[in-house]
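Report on the structure given below.
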Amino acid sequence: MIQLCDVTVKAGDFSLNGISFHVDSGQYAVLMGQTGRGKTTILEAICGLRKIACGRILVHGCDVTHALPADREIGYVPQDLVLFSTLNVRQHLEFALRLRKKSAREIAERVGELANVLGIEHLLGRNPAGLSGGESQRVALGRALSFRPSVLLLDEPLSALDEVTRYEMHDLLKKIKIKSDVTTLHVTHSVEDAEVLADRRLTLVDGQVNDL
Amino acid sequence: MNDNISTSSQAGAESSKTPTIIGQRSDAIFFLVMGGLSGCFILLIVLLIIADVLFTSPNEFMKALIKPEIQAAFRLTILSCTAAAILSLWVATPLGYLLSRYRFPGRWLVDTIVDIPIVLPPLVLGLSLLILFHLKIGEWELEAWLRDRLGFPVTFRWPAVVLAQFSVACAFAVRTMRVTFDQINPRAEDVARTLGCSRGQAFMRIALPQAWRGMIAATTIAWARALGEFGPILVFAGATRMRTEVLSTTVFLELSIGQLDAAVAVSLLMVAMAVVVLVFLRFLGTGLNV
């Protein structure tokens, strides 16, 4: 469960005041709203990359308001993906697992499982520079899911994809939703994405998040 | 549709005529001015090297290079420049990263202080080092403390050469590392932190591997700067033959005793060393386009 209680975030001249909403455990929530209204800021606040001025953020009942991003156990796929240029696809999937000092066998099993679900087995030795938009999306998604986070934050993950790849990603995200039961908050502009994927639709209007 | 037919028929009629030549403008003036001004500088440098080469002969060049004093200076130059460059990289990497990534109180002051060795007259830097090591605070003096307590005298010895070279070389290395980290997307480190990295781990695992070309460039630039250092070394380390003499001071010493041939030979040796460093940079493709 993700819960924001009266959260205020300030970023230069921009601010979001008194944001409150929650996403239930296992729910796939889609957050919509116009560009520049602060959707990404909300995601960054939840995963700890943006300090909040006041309020509280709870993840599965734990107060993570002042926790470091590393301690929040939240999977995050940013809009610009930000794949690591010095790592290949396999190393991306292994990255969080190595940090958690998993055994070689556990890492190999998890990487194999993820590569199979994401359909990127043939890409494991490739570097990010050689990947298409859809392939990069899958790798970023795999990297965020690798350590089995209880919460997944997706920042417009399908915005730069062609129609066919977008439909493929819809199927993939639905498959992940069923398989992992991860609580997901997905930011998008696309009504279609929301219709296909969302259990719940939220909208950010006038600085407040409401059910649509 | 009719418009299209008439347009294509007109085009057909026009193509049978001799084509009209539209006013021919030329970029020749542009290239002439730009190339001419740039060429003046290139020509100056090439002429300087040619003049040095013509001034000496291979025999005199070799005769100068087999002098024990010059060989000792060559060895000390290589060792001290390498030590100064490695020290510079150790300092420049964290400092360049901090200046690139964080907005902290007094950042502008740190940024300005880093530039001081670049703008300070070299002799002043040497004099300042000398004063620092010999400034008496009550009965205490840094040089005396290092010499008597640690058995590591600095002034007018080889450590002074390294320190004088480091003081300037490090400033250039910091600038290079800062630009390097500016060009690396900080978002990658942010994402790494959501995956479980501390800031330190994000730096070591994500930022540093991406910065390797910049680190090589910073080391090489620091090495090259250290090679050319003269003023601070002369004041702080002196120019004692076989002890604190580096190639830049060799040129000065040979000139001062009227050995112009030897001075030119050593200068050519330094030119060759600088060229090797620059070719090394280009070979590594540091993106600095040197």
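The values are calculated or read from the model by the stated rules, or taken from the named source; none is laboratory data. Treat the numbers as computed from the prediction; the structure is a model and nothing was measured. Backbone-built Cβ (ideal geometry, glycine too); neighbour counts: all protein chains shown. Areas reflect the complete protein model, heavy atoms only, side chains present, ligands, DNA and RNA absent. Shrake-Rupley method; radii C 1.70, N 1.55, O 1.52, S 1.80 Å.
Selection over region A:79-90 of residues that are more than 9 Å from chain B (Cβ to nearest Cβ) and not in a helix (DSSP H, G or I) gives a count of 2. Just one of (1) under 30 Å from A:Gly134 (Cβ atoms); (2) part of a strand (DSSP E or B); (3) more than 14 Å from chain B (Cβ to nearest Cβ); (4) not basic (Lys, Arg) fails for A:Tyr76. It is (3). With the condition kept exactly as written, say whether any residue in region B:229-245 is part of a helix (DSSP H, G or I) and hydroxyl-bearing (Ser, Thr, Tyr). The answer is no, given that none of the residues of region B:229-245 is part of a helix (DSSP H, G or I) and hydroxyl-bearing (Ser, Thr, Tyr).
Filtering B:Leu142, B:Leu127, B:Leu76, B:Leu99 for residues that are in contact with a helix residue (DSSP H, G or I) (Cβ under 7 Å, 6 or more places away or on another chain), under 30 Å from B:Ser267 (Cα atoms) and open to solvent by less than 60 Å² (accessible area, probe 1.4 Å) leaves a single hit, B:Leu76.
Just to be sure before I move on: is A:Leu81 on the phi < 0 side of the Ramachandran plot, at pLDDT below 95 and open to solvent by less than 30 Å² (accessible area, probe 1.4 Å) in the structure I sent? No: the conditions fail for A:Leu81. Step by step: first the residues of region A:63-73, then only those that are part of a loop (DSSP other than H, G, I, E, B) and farther than 20 Å from A:Val182 by Cβ, then the one that is nearest to the other protein chains (Cβ to nearest Cβ). Which residue is that? Filtering first and then ranking leaves A:Leu68. Checking each residue in region B:185-200 for being open to solvent by 10 Å² or more (accessible area, probe 1.4 Å), more than 7 Å from chain A (Cβ to nearest Cβ) and among the small types (Gly, Ala, Ser) picks out only B:Gly200. Checked against (1) within 13 Å of chain A (Cβ to nearest Cβ); (2) at pLDDT 95 or above; (3) farther than 12 Å from A:Val82 by Cβ, B:Asp182 meets all criteria but (1).
Taking the conditions exactly as written (free of Cβ contacts under 8 Å to residues at least 24 places away in the same chain, of a type in the set (D, E, K, R), more than 30 Å from B:Ser267 (Cα to Cα) and in contact with a Leu (Cβ under 8 Å, 6 or more places away or on another chain)), does B:Arg205 satisfy them or not? In short, no.
Against the criterion of being away from chain A (no Cβ under 14 Å) and surrounded by 15 or more Cβ atoms within 10 Å (Cβ to Cβ), B:Ala237 qualifies.
All of (1) touching a His at 6+ places or on another chain (Cβ under 7 Å); (2) within 12 Å of chain B (Cβ to nearest Cβ); (3) more than 23 Å from B:Ala207 (Cα to Cα) hold for A:Gln3 with one exception: (2).
Report those strands (runs of 3 or more DSSP E) wholly inside region A:12-59 carrying at least 2 residues which are open to solvent by 20 Å² or more (accessible area, probe 1.4 Å) and of a type in the set (Gly, Ala, Ser). Show your work before the answer.
On the way: elements: A:14-23, A:28-32, A:54-59.
Filter on region A:12-59 gives A:14-23.
Here B:Phe252 meets each of (1) closer than 25 Å to B:Pro159 by Cβ; (2) not in a helix (DSSP H, G or I) with one exception, condition (2).
Scan region A:121-136 for residues that are within 14 Å of chain B (Cβ to nearest Cβ), among the small types (Gly, Ala, Ser) and open to solvent by 30 Å² or more (accessible area, probe 1.4 Å) and jot them down.
Our first condition is that a residue be within 14 Å of chain B (Cβ to nearest Cβ); within region A:121-136, this holds for A:127-129, A:136.
From what is left, the residues that are among the small types (Gly, Ala, Ser) are A:129, A:136.
Result: A:Ala129, single match.
When you scan region B:268-289, do you find a residue that is open to solvent by 10 Å² or more (accessible area, probe 1.4 Å) and more than 22 Å from the chain's Cα centre (by Cα), even just one?
Taking every residue of region B:268-289 in turn, none turns out to be open to solvent by 10 Å² or more (accessible area, probe 1.4 Å) and more than 22 Å from the chain's Cα centre (by Cα).
In region A:137-151, what residues are within 13 Å of chain B (Cβ to nearest Cβ) and either of a type in the set (Ser, Thr, Tyr) or not in a loop (DSSP other than H, G, I, E, B) (or both)? Even if it seems obvious, please write down each step before you answer.
Keep residues of region A:137-151 that are within 13 Å of chain B (Cβ to nearest Cβ), which gives A:139-149, A:151.
Once the filter is applied, which keeps residues that are within 13 Å of chain B (Cβ to nearest Cβ) and either of a type in the set (Ser, Thr, Tyr) or not in a loop (DSSP other than H, G, I, E, B) (or both), region A:137-151 yields A:Val139, A:Ala140, A:Leu141, A:Gly142, A:Arg143, A:Ala144, A:Leu145, A:Ser146, A:Val151.
Please tell me if B:Trp158 is loosely packed, with under 15 Cβ neighbours inside 10 Å and over 30 Å from A:Ser150 (Cα atoms). Let's see the steps before the verdict.
Details: loosely packed, with under 15 Cβ neighbours inside 10 Å: no; over 30 Å from A:Ser150 (Cα atoms): yes.
No: the conditions fail for B:Trp158.
Does region B:33-54 contain any residue that is surrounded by 14 or more Cβ atoms within 10 Å (Cβ to Cβ) and either part of a loop (DSSP other than H, G, I, E, B) or of a type outside the set (Val, Ile, Thr) (or both)? Yes, region B:33-54 contains a residue that is surrounded by 14 or more Cβ atoms within 10 Å (Cβ to Cβ) and either part of a loop (DSSP other than H, G, I, E, B) or of a type outside the set (Val, Ile, Thr) (or both). Among the criteria (1) at pLDDT below 90; (2) polar (S, T, N, Q); (3) under 26 Å from B:Arg187 (Cβ atoms), the one A:Thr183 does not fulfil is (1). Against the conditions (1) open to solvent by less than 10 Å² (accessible area, probe 1.4 Å); (2) free of Cβ contacts under 8 Å to residues at least 40 places away in the same chain; (3) more than 14 Å from chain B (Cβ to nearest Cβ), A:Leu118 satisfies every one except (2).
Sort out which residues of region A:34-56 are more than 14 Å from chain B (Cβ to nearest Cβ), in contact with a Ser or Thr (Cβ under 9 Å, 6 or more places away or on another chain) and without any contact (Cβ under 8 Å) to a residue 60 or more places away in the chain, and write them in order of number. Give the steps one after another, and end with the answer.
To start, the set of residues in region A:34-56 that are more than 14 Å from chain B (Cβ to nearest Cβ) comprises A:34-39, A:42, A:52-56.
From what is left, the residues that are in contact with a Ser or Thr (Cβ under 9 Å, 6 or more places away or on another chain) are A:38-39, A:52-56.
Hits for region A:34-56 are A:Ile52, A:Ala53, A:Cys54, A:Gly55, A:Arg56.
For region B:201-218, the candidate set comprises residues that are away from chain A (no Cβ under 14 Å) and over 17 Å from B:Pro117 (Cβ atoms); within that set, the residue that is surrounded by the fewest Cβ atoms within 10 Å (Cβ to Cβ) is B:Ile216.
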